[in-house]
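Since every read-out is calculated from the coordinates, none of them should be taken as a lab result. Being a predicted model, the structure only gives us computed values, none of them experimental. Using ideal geometry, Cβ is built from the backbone for each residue, glycine included, and neighbour counts are taken over all protein chains shown.
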Amino acid sequence: MKVQCSPNATLRERLDLHAAPFISGQCREWLGAKNNWGYGRLMWKGRARLAHRLAHIEYIGPIPEGLDVLHSCDNPGCISHEHLFLGTNADNAADMVFKGRAYTKLTEAQVLAIRADSRTQTVIAAAYGVDRSNVSLIKNGRTWAHIKQRPEP
C-alpha cells in the first residue's frame, strides 16, 4: 500500500511519513524509495531529491553551494540529523579512506589518464579496476577536482 501525503504537507511531515521514528543516537532509516546506492529519495517541490539532504535542510539548516551532506554513520539510508554533517567531496573521500571504505586508490597520474582516455567509460573502468560511475565522476570533475591537467612542456 502506497502512503500518500497531502500536497500541502510540510517537509517535516513528508520526512516523518517515510522514515522510521527518531531515536537519539540511532540511525533513522529511510523507508521510502531509494536510489541504486541506498540513498533515500523524496519528491519535493516538483523534483526527486535525496532524503538526507532534505533532512539536513529541515533539521539543521541550508546547505551552502559546493558542500555535500555526509554521514558519520556511513549508512546512506540514514536521515538522522545527529549523523549528518557538511563537507566537501574531498572531505568525503578522505573520510572513506580513513574508515577503510575506499574501494581503490587511484594515483594522480591515473586520474589524469582517465580524463584523457577516449574509450568508453565501461572499458576505462575495467582497465583501472573501478566502477563505471567512478570514471564518470572523474571525467565530470565531481571527484578528484583538485587534480588539474598539467600544461604540455
(request) Please build a GNM for the chain, connecting alpha carbons under 10 Å apart, and tell me which residue among 47, 115, 12 fluctuates the most. (result) 47
(request) Subtract the Cα-Cα distance of residue 20 and residue 36 from 0.36 nm times their separation in residues, and report this length gain in nm to one decimal. (result) 3.8 nm
(request) Could you tally up the Lys pairs in the chain with alpha carbons closer than 20 Å? Skip any pair fewer than 8 positions apart unless they're on separate chains. (result) 6
(request) Please give the FRET efficiency for residue 126 paired with residue 96, using the beta carbon to beta carbon distance and R0 = 22 Å, rounded to the nearest 0.05. (result) 0.50
(message) With no other cysteine's Cβ closer than 4.7 Å, which Cys residues of the chain count as lacking a disulfide-compatible partner?
(response) 5, 73
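Assuming 1.567 mPa s and 4 °C, estimate D for the chain with Stokes-Einstein, Rh taken as the Kirkwood radius over Cα pairs, in µm²/s. Let's see the in-between values first.
On the way: Rh = 17.5 Å.
In µm²/s, the coefficient is 74.
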(request) Under a 10 Å cutoff between Cα atoms, tell me which one of 140, 89, 75 has the largest fluctuation in the Gaussian network model of the chain. (result) 140
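Which value at 222 nm does the chain reach when only helices count, each DSSP H run of 4 or more adding -39,500 (n - 2.57), with the total divided by all residues and rounded to the nearest 500 deg cm²/dmol?
Working: 6 runs with 51 residues, N = 153.
Only helices count here, giving -9000 deg cm²/dmol.
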(message) I need the phi-derived Karplus couplings for the range 18-23: 6.51 cos²θ - 1.76 cosθ + 1.60, θ = phi - 60°, integer Hz, Gly and Pro marked x.
(response) 10, 10, 5, x, 6, 10
